[in-house]
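First comes the structure, then the notes that go with it.
The values are calculated or read from the model by the stated rules, or taken from the named source; none is laboratory data. Here the structure is a predicted model, which means the values were calculated and not measured. All Cβ positions, even for glycine, are placed from backbone atoms using ideal geometry, and neighbour counts span all protein chains on display. Quick note on the areas: whole protein, heavy atoms, side chains included, nothing else; ligands and nucleic acids left out. Shrake-Rupley method; radii C 1.70, N 1.55, O 1.52, S 1.80 Å.
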Amino acid sequence: MENAFPYLLLVCFYGILAWWYGTTEERLFRGRIVVLCIVSFVLFFGLRGFIFYDWNGYYPNFNSFSFATLKTLPFNRWPYEPGFLLLMTSCKSLYNNFHFFVFVCTCINTVLLFRFFCKYSYNVPLSLMVFLCMNGIGLSTDLMRNSISILLFINALEYLEKRRPIPYFLVCLLATSIHYSSILFFPLFFFLHRRISKWIFLCVLIIGNVIFLLHIPVFLQMVSYITNYIDPKLQLKIDIYVRYASGVGFKMDLGFLERLFSGILVFIYYDKLRDIRENANIFINAILLYYITFYAFSEFPIISKRFATLFVFSYWIIWTDLIRCFSLRNNRYLFIAFLTIYCLLKTYSLCNYPFAKYDNLIWGIKSYQERKIIFDKTFDEI
C-alpha cells in the first residue's frame, strides 16, 4: 500500500476535481481547474525520480550519447529513433542532466495530452483520472518514446476528421521519428472515421474472448502456416513454441472483466455514443482495434500490451462518454462508482511494487545506484 499511495492520492485528487468540474458550466472556473490539473501533472511526473523501470535503459544512454557521438555511429547502431535522439541530445546540450530531459518530455506530453482533452473531453479531470488508470501512469513514467508518439497521433485526429491528409501524415511522420510503432497510424486515415456495424463489433468481441479464454495462439499459428512454405526447420521450432504458448499468457483477472464489461457497454450504447458525439466513430473503431490487437497477440503479453497501448486513448474518451449515455441517474452513479473503484484497484495493482516507490526532486530522490539495487532485487524476487 505504501508504494502505491502517492499514485492513489493523485487519482483521488483528479476524481475530486472531476466532481468539482461537473458542478458548474462557468468557463473561467473550469479553466482554473484545468490549470490546477496541468500544474499538478507536471510537478508529479516531471520532477519524478527513478521510478518504475525504463530509466534503467534511458539514463545510461543519456549519459553516453551526444551530437558528437551520433556523428561517429552509423544510423543502424543508433539506440533510438532519430527524432527522439535529436530531442535527447538537444536537451543534453542545453543542460546535461537526465532529470531536465525527463522534465522536458513531461512538458511535451502535458501540452499534447491537455490539448487533446480540451478538444474531445467534456470533463477534463475525469478523462485524466481514466488516463492514469488506463496506461497513463506507464506512458508518463516508462514509455517515454511511445508516449510522445501516441500523444502526437491523437492530436492528428482532427485532421483525420476533416479529411486533411497532408497535416495528418506529417504529424504521423513526426510520431514515427519518435517511435517506429507509429507507422501503424498511417493507414488509419482511410478507415478509422468510417461507420462500422455494431454486429461486427460484437463478433470481434466474442471471437477475441474465445481466443483469450482458450489460449489460442492465433499469431503464432499464422506465422507457422507461412513459414511452412519458407523453411520447414523454422516451422518445426514455431510449432514447438505454439504448443508451449497455448498454456501461458494472460490469465482471467480484473482486466479481463473490465474489457468484457466495457465491450458489452459499448455494444449496448453503440448508437447512443454516436448521438452524443459527432466524431464517435473514431473512438469506437479505436477501441475495436484495441481489442483486436490485445487478443490477437495475447500469447505474447508484452507485445499484446504494447500494440494495444497504441489505441488505449479510446478508453479515455469512451468511458467518460458512457456516463452521458445512461438516462437514469442511478445508473450514472453506479457507473461512476464502478469507474472510481476500478481506477483505484488498477492503480494499486500497477504501483504496489518497490520499484514504483515514488520520490520527487522537490524533497529529494534516491540515486541511480540505489534505485538500480531496488530494481534488480525486485525482479530477482519476481
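Name the helices (runs of 4 or more DSSP H) wholly inside region 70-172 in which the number of residues that are more than 19 Å from the chain's Cα centre (by Cα) and among the hydroxyl-bearing types (Ser, Thr, Tyr) is 2 or more. If you could, list the steps in order and put the result at the bottom.
Working: elements: 82-94, 98-120, 124-131, 137-141, 144-154, 157-161.
Passing ranges, in order: 82-94.
Of these, Leu202, Leu192, which one is in contact (Cβ under 8 Å) with a residue 12 or more places away in the chain, in a helix (DSSP H, G or I) and among the aliphatic types (A, V, I, L, M)? Before the answer, list the steps.
On the way: Leu192 fails: in a helix (DSSP H, G or I).
After applying the criteria, what remains is Leu202.
Out of (1) part of a helix (DSSP H, G or I); (2) open to solvent by 10 Å² or more (accessible area, probe 1.4 Å); (3) among the small types (Gly, Ala, Ser), what's the single condition that is false for Ser304?
Among (1) part of a helix (DSSP H, G or I); (2) open to solvent by 10 Å² or more (accessible area, probe 1.4 Å); (3) among the small types (Gly, Ala, Ser), the lone unmet condition for Ser304 is (2).
Quick grid of which residues meet (1) among the hydroxyl-bearing types (Ser, Thr, Tyr); (2) farther than 27 Å from Leu257 by Cα; (3) open to solvent by 20 Å² or more (accessible area, probe 1.4 Å):
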| site | (1), (2), (3) |
| --- | --- |
| Trp319 | no, no, no |
| Ile323 | no, no, no |
| Ala337 | no, no, yes |
| Leu345 | no, no, yes |
| Ser349 | yes, no, yes |
| Lys366 | no, yes, yes |
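Within region 285-299, does at least one residue satisfy the condition of being in contact with a Pro (Cβ under 9 Å, 6 or more places away or on another chain), of a type outside the set (Val, Ile, Thr) and part of a loop (DSSP other than H, G, I, E, B)? Before you say what the answer is, go through the steps one by one.
Within region 285-299, the first condition is being in contact with a Pro (Cβ under 9 Å, 6 or more places away or on another chain), and the residues that meet it are 298-299.
Filter once more, so that each one left must be of a type outside the set (Val, Ile, Thr): 298-299.
Of the ones still in play, those that are also part of a loop (DSSP other than H, G, I, E, B) are 298-299.
Yes: region 285-299 contains one or more residues that are in contact with a Pro (Cβ under 9 Å, 6 or more places away or on another chain), of a type outside the set (Val, Ile, Thr) and part of a loop (DSSP other than H, G, I, E, B).
Out of all the residues in region 87-116, which are among the basic types (Lys, Arg) and open to solvent by 40 Å² or more (accessible area, probe 1.4 Å)? Give the derivation first.
Going through region 87-116, the residues among the basic types (Lys, Arg) turn out to be 92, 115.
Arg115 - this is the single residue of region 87-116 that is among the basic types (Lys, Arg) and open to solvent by 40 Å² or more (accessible area, probe 1.4 Å).
Filter region 282-300 down to residues that are at pLDDT 95 or above and among the polar types (S, T, N, Q), then give me how many there are.
1
Here's a check for you: in region 53-86, which residue that is of a type outside the set (Phe, Trp, Tyr) and within 20 Å of Gly138 (Cβ to Cβ) is least open to solvent (accessible area, probe 1.4 Å)? Give the derivation first.
Residues of region 53-86 of a type outside the set (Phe, Trp, Tyr): 54, 56-57, 60-61, 63-64, 66, 68-74, 76-77, 79, 81-83, 85-86.
Restricting the remaining residues to those that are within 20 Å of Gly138 (Cβ to Cβ) gives 54, 56-57, 61, 81.
Working: Asp54: 36, Asn56: 44, Gly57: 34, Asn61: 39, Glu81: 9 Å².
For region 53-86, the residue satisfying everything is Glu81.
May I ask you to list pairs of residues, at least six apart or on different chains, whose Cβ atoms are under 6 Å apart, with the first in region 14-27 being under 16 Å from Val39 (Cβ atoms) and at pLDDT below 95 and the second being polar (S, T, N, Q) and surrounded by 10 or more Cβ atoms within 10 Å (Cβ to Cβ)?
Within 6 Å, the pairs are Tyr21/Asn123.
Might you let me know whether region 122-134 holds any residue that is over 22 Å from Ser66 (Cα atoms) and free of Cβ contacts under 8 Å to residues at least 40 places away in the same chain? Before you say what the answer is, go through the steps one by one.
Taking region 122-134 first, the residues over 22 Å from Ser66 (Cα atoms) are 122-134.
Filter once more, keeping what is free of Cβ contacts under 8 Å to residues at least 40 places away in the same chain: none.
Among the residues of region 122-134, not one is over 22 Å from Ser66 (Cα atoms) and free of Cβ contacts under 8 Å to residues at least 40 places away in the same chain, which makes the answer no.
For (1) under 23 Å from Met144 (Cα atoms); (2) of a type in the set (Lys, Arg); (3) out of contact with any Leu (no Cβ under 7 Å at 6 or more places or on another chain); (4) in contact (Cβ under 8 Å) with a residue 12 or more places away in the chain, each residue gets a yes or a no:
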| site | (1), (2), (3), (4) |
| --- | --- |
| Leu273 | no, no, yes, yes |
| Tyr290 | yes, no, yes, yes |
| Leu310 | yes, no, no, yes |
| Cys325 | no, no, no, yes |
| Cys351 | yes, no, yes, yes |
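Output the residues belonging to region 30-52 that are open to solvent by less than 20 Å² (accessible area, probe 1.4 Å), farther than 12 Å from Thr110 by Cβ and over 18 Å from the mean Cα position of the chain (by Cα).
Ile33, Arg48, Gly49, Phe50
Scan region 117-129 and give yes if some residue there is open to solvent by less than 10 Å² (accessible area, probe 1.4 Å) and of a type in the set (Val, Ile, Thr), otherwise no.
Yes, region 117-129 contains at least one residue that is open to solvent by less than 10 Å² (accessible area, probe 1.4 Å) and of a type in the set (Val, Ile, Thr).
Scan region 270-278 and give yes if some residue there is at pLDDT 75 or above, open to solvent by less than 90 Å² (accessible area, probe 1.4 Å), outside any helix (DSSP H, G or I) and not basic (Lys, Arg), otherwise no.
For region 270-278, residues at pLDDT 75 or above, open to solvent by less than 90 Å² (accessible area, probe 1.4 Å), outside any helix (DSSP H, G or I) and not basic (Lys, Arg): absent.
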